[in-house]
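Written out below as structure tokens is the structure these notes cover.
The values are calculated or read from the model by the stated rules, or taken from the named source; none is laboratory data. Every value quoted in this text rests on a predicted model; they were computed, and no experiment measured them. Neighbour counts are summed over all protein chains in view; Cβ atoms, including those assigned to glycine, are modelled from backbone coordinates with ideal geometry. What goes into the accessible areas is simple: the full protein's heavy atoms, side chains included, and nothing from ligands, DNA or RNA. Shrake-Rupley method; radii C 1.70, N 1.55, O 1.52, S 1.80 Å.
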Amino acid sequence: MNPVLQDRRLIIFDWDGTLMDSIPTICRCLAHAFAYAGLADRGEEQYKEIIGLGLGDALAVLAPDADENLRSRILEGYRNCFFATPAVDMPLFPGVEQTVIALAEAGFQIAVATGKARRGLDKVLRENPHLAACISASRCADETRSKPDPLMLEQLLDHYALAPEAAVMVGDTVHDMEMAVAAGVLPLGVLCGVHDTQRLTKAGAALCLPDPRFLLREVL
């Protein structure tokens, strides 16, 4: 076991770009949403930068001048696109399901902290029942505060009655790392999603792994 991970009992995963290869779908749905609202495409790079945030916070970045009606139109377009997307277009990263199952069988508690809305997370959990069976708690951006605010992690720690020192946050964005730092949880980056080693490390990552599969050899 990697010494920095010793005594960690709770592994909290981000979802998009960490467990699921959904970044292309999210970018496509955002492009559709802006077209649906009659706005110019913001481009893939801008869309990637807000992945991990709740949709409300994302729109504050992507469309800061939009009024309530326009924001509602963008959100409607995004949701229409996302919920029409078949499961085959949002696969789990290779080996993720087996990795999470192995971690759960080894005695780790598994949770999810995501910028998705609850309805969106429930959709992808239904589509991945074996992975979903390992997850004992989750928090979504529409039922707490969006990353990088630490409330999401604080609520999960309260749920398990654990101190921050007992948990690891695994994510692919600086939003995940900054949230973990703010909550006193160990930040661990994965490089299969949005941000690279340099950005994740600068945001506080104690360790960066190529993808979640490499977590097994670090904790077992």
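Given a 1.4 Å probe and the protein chains as shown, Val4 ends up with an accessible area of around 70 Å². Between Ala84 and Ala60, residue separation times 0.36 nm minus the direct Cα-Cα distance comes to 6.2 nm.
Which of the three applies to region 100-220, rounded, prolate or oblate, going by the alpha-carbon gyration tensor with a ≥ b ≥ c and a/c under 1.5 meaning rounded? The shape class here is rounded. Taking a ≥ b ≥ c as the square roots of the eigenvalues of the alpha-carbon gyration tensor, region 104-160 is classed oblate because a/c is 1.5 or more while a/b is no larger than b/c. Solvent exposure of the chain amounts to 44 Å² per residue of accessible area, where only protein heavy atoms count and the probe is 1.4 Å.
In the complete set of protein chains, residue-level accessible area for Met1 is approximately 110 Å², probe 1.4 angstrom.
Against the chain, whose longest principal axis comes from its Cα atoms, helix 68-83 is set at around 60 degrees.
Between the Cα long axis of helix 151-160 and the first principal axis of the chain there is an angle of about 40°, rounded to the nearest 10.
The Cα atoms of the chain cover 52, 32, 31 Å along the three principal axes, with the biggest extent listed first. Every helix of 4 or more DSSP H residues in the chain counts as -39500 (n - 2.57), and over all residues that averages to -12500 deg cm²/dmol at 222 nm.
Here the accessible area of region 115-220 is 51 percent carbon and sulfur, with a 1.4 angstrom probe and all protein chains present.
For region 1-108, the list of chymotrypsin sites (Phe, Trp or Tyr not before Pro) that fall in a loop by DSSP and count at most 15 other C-beta atoms within 10 angstrom is empty.
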